[in-house]
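K.L.:
After the structure tokens below, expect a handful of questions from me.
The values are calculated or read from the model by the stated rules, or taken from the named source; none is laboratory data. Note that this is a predicted model, so its numbers are computed, not measured. Reconstructed Cβ throughout: ideal geometry from the backbone, glycine too, with neighbour counts over all protein chains shown. Accessible surface areas use protein heavy atoms only, side chains included; no ligands, DNA or RNA. Shrake-Rupley method; radii C 1.70, N 1.55, O 1.52, S 1.80 Å.
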Amino acid sequence: MYVIVNAAASADGKLSSRRREQLAISGADDFARVDRLRAESDAVAVGVGTVLADDPHLTVKDDDLRAQRREDGRPANPARVVVDSSGRTPTDAAVLDDAAATYVCLSEAAPVDRRMELADSAELITAGDDRVDLLRAFATLQEAGLEQIMVEGGGELIFSLFEAGLVDELRVFVGPKIIGGRDAPTLADGEGFVAEFPALDLEAVDRLDDGVVLTWRVDDR
């Protein structure tokens with residue numbers, strides 16, 4: 001399995017404002033880049049916080065890219081993965097429609113009634129007691145044939161994936177905007193590292209829109 005974390009961050013490293021409202025950090029060229037990466041991937045993953053804040057569809061937008069996937073013998077859209085320890089994904093969330101297969105990763109702590117409701121629209125993966133065990137959950141996704149996973153946020157999930165040693169590559173569009181705020185989400189939230197910080201090797205720097213795309217490989221992966 002190959003895991004690519006993709007994000008758009010402000011010049012000061014924020015994903016959105018302290019209100020956690022979706023902000024346009026990048027422009028049309030970067031949206032097209034993200035769409036191509038989605039089309040290249042077997043699945044697109046987000047944390048439940050992103051689902052609750054943005055209600056993303058996580059599908060390929062470009063008709064030609066969807067057509068090319070079909071020509072390659074793949075579904076028009078990649079599968080969608082929601083990491084949701086306690087089963088908070090709304091049953092009317094956009095990721096639960098029939099545009100693509102959806103996997104919801106839960107922990108054992110998720111209530112039975114929520115499991116039953118979500119099972120009507122998604123394939124459920126249970127791994128971990130109180131929180132999703134990402135190593136086990138992603139191993140199950142790989143067994144289902146999902147080899148390239150694109151992760152689109154948010155900061156809690158991204159940190160947890162780095163903590164679990166699952167990230168192979170990080171791509172970040174850094175936009176010309178200052179958001180600020182000690183409570184604004186960053187690229188990698190969670191508890192934070194205090195030792196054994198993940199090291200990155202810079203592979204590419206590309207100007208795009210009014211910002212820059214940084215491509216990093218995770219060292220020793």
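K.L.:
Counting other C-beta atoms within 10 Å, and keeping those with at most 10, which DSSP coil GluC sites (Glu not before Pro) do you find in the stretch 114-221?
P.N.:
Numbers: sites: GLU117, GLU123, GLU143, GLU147, GLU152, GLU156, GLU163, GLU169, GLU191, GLU196, GLU203; in loops: GLU147, GLU152, GLU191, GLU196.
Loop-located and lightly packed - GLU191, GLU196.
K.L.:
Counting each pair of different Cα atoms once, what's the Kirkwood radius of the stretch 2-41 in Å, rounded to one decimal? Walk me through the numbers before you get to the answer.
P.N.:
Numbers: mean 1/r = 0.0868 Å⁻¹.
Computed over Cα pairs of the stretch 2-41, the Kirkwood hydrodynamic radius comes out at 11.5 Å.
K.L.:
When the Karplus curve 6.51 cos²θ - 1.76 cosθ + 1.60 is applied with θ = phi - 60°, which whole-Hz ³J(HN,Hα) does each residue of the stretch 39-53 get, with x for Gly and Pro?
P.N.:
Along the stretch 39-53, the couplings run 5, 7, 9, 7, 7, 10, 10, 9, x, 5, x, 5, 4, 5, 7 Hz.
K.L.:
Using a 1.4 Å probe and counting only protein heavy atoms, arrange LYS14, LYS177 so the residue with the most accessible area comes first.
P.N.:
My answer, sorted largest first, is LYS177, LYS14.
K.L.:
Before I look further, what does the chain give for accessible area per residue, probe 1.4 Å, in whole square angstrom?
P.N.:
50
K.L.:
Over the chain, what is the relative contact order in whole percent, taking alpha-carbon pairs under 8 Å and six or more residues apart?
P.N.:
Worked out over the chain, it gives 31 percent.
K.L.:
Same structure again: Kindly provide the helix-only [θ] at 222 nm of the chain, computed as the sum of -39,500 (n - 2.57) over DSSP H runs of four or more divided by all residues, to the nearest 500 deg cm²/dmol?
P.N.:
Calculated mean residue ellipticity at 222 nm is -7000 deg cm²/dmol.
K.L.:
Residues with amide H under 5 Å of GLY87's amide H, sequence separation 5 or more or different chain, H placed in the peptide plane at 1.01 Å from N; which?
P.N.:
Here the answer is SER107, since their amide H atoms fall under 5 Å of that of GLY87.
K.L.:
Quick one: grab Rg to one decimal and Dmax as a whole number for the chain, Cα atoms only, in Å.
P.N.:
Rg, Dmax (Cα atoms, Å): 16.8, 48.
K.L.:
At a 1.4 Å probe, what is the % contribution of carbon and sulfur to the accessible area of the stretch 2-219?
P.N.:
Summing carbon and sulfur atoms, their accessible area is 47 percent of the total for the stretch 2-219.
K.L.:
Can you list the HN-Hα couplings for the stretch 150-166, worked out from phi with the Karplus curve (6.51, -1.76, 1.60; θ = phi - 60°), rounded to whole Hz and with x for Gly and Pro?
P.N.:
9, 9, 10, x, x, x, 5, 5, 4, 4, 4, 5, 5, 4, 7, x, 9
K.L.:
Additional query: If you place +1 on the Cβ of every Lys and Arg and -1 on the Cβ of every Asp and Glu, how big does the dipole about the Cα centre of the stretch 130-221 come out, in debye to the nearest 20?
P.N.:
On the way: 8 positive and 20 negative charges, 47 e Å.
Charge dipole, the stretch 130-221, about its Cα centre: 220 debye, nearest 20.
K.L.:
Magnitude of the Cβ-charge dipole of the chain, K/R +1 and D/E -1, about the Cα centre, nearest 20 debye?
P.N.:
400
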